[in-house]
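Computed from the coordinates by the stated procedures, all read-outs in this text should not be read as laboratory data. Keep in mind that what you see is a predicted model, and the values were worked out from it rather than measured. Quick reminder, even Gly has a Cβ in these numbers, built from the backbone with ideal geometry, and neighbours come from all protein chains shown.
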Amino acid sequence: MYTLDTNAIVYYIKGDENVVPIFETAIGGAYPLYVSVITEAELFSYSRLNETEIDQIDNLLRTVSIISLDSRLARLSGMIRRMYGVKLYDSVIAATALSTGSTLLTRNVKDFKKIAGLSFQRV
């Protein structure tokens, strides 16, 4: 099981050779995939997105479970931010991975490695 960080999805869309094989295996049904609703918002906020990239993001999001922010997840996110000093968006993404019991796929190891109990894999 994987939770996809925003940067991992961006690298996948851009065709990064280190990320594409992992995503193709996961998307093929080998692993359940989760995305925070925050990641969804971040992906569509990039000002330079073209129609092809929007279609790629839409297609990817159809293959994952999008995890909404509820009170329980908000509290966990707040605790993570308070305890580890990470950005709010990163704390929500980390809380998503922790609450789903999944491994976070990210390139942002620096911020996530300090969060106790969080399993992550660098892409």
Summing +1 for each Lys or Arg and -1 for each Asp or Glu, what net charge is found among the other residues whose Cβ lies under 12 Å from the Cβ of V10?
-> -1
Would you list, by chain and number, the lysines whose Cα falls below 22 Å from the Cα of K87, excluding same-chain residues fewer than 8 positions away?
-> K110, K113, K114
Dipole of segment 2-122, positive direction: furthest Cα of T52, A74, Y11, with charges on the beta-carbon | A74
Magnitude of the Cβ-charge dipole of the chain, K/R +1 and D/E -1, about the Cα centre, nearest 20 debye?
-> 740 debye
With Cα coordinates, the longest principal axis of the chain makes an angle with the long axis of helix 71-84, in degrees rounded to 10, of 80 degrees
Helix 51-61 sits at what angle to the longest principal axis of the chain, using alpha carbons and giving 0 to 90 degrees rounded to 10?
-> 50 degrees
Ordered by packing density, taken as the mean number of other Cβ atoms within 10 Å over each peptide's residues, highest first, how do 110-121, 8-19, 94-105 rank?
-> 94-105, 8-19, 110-121
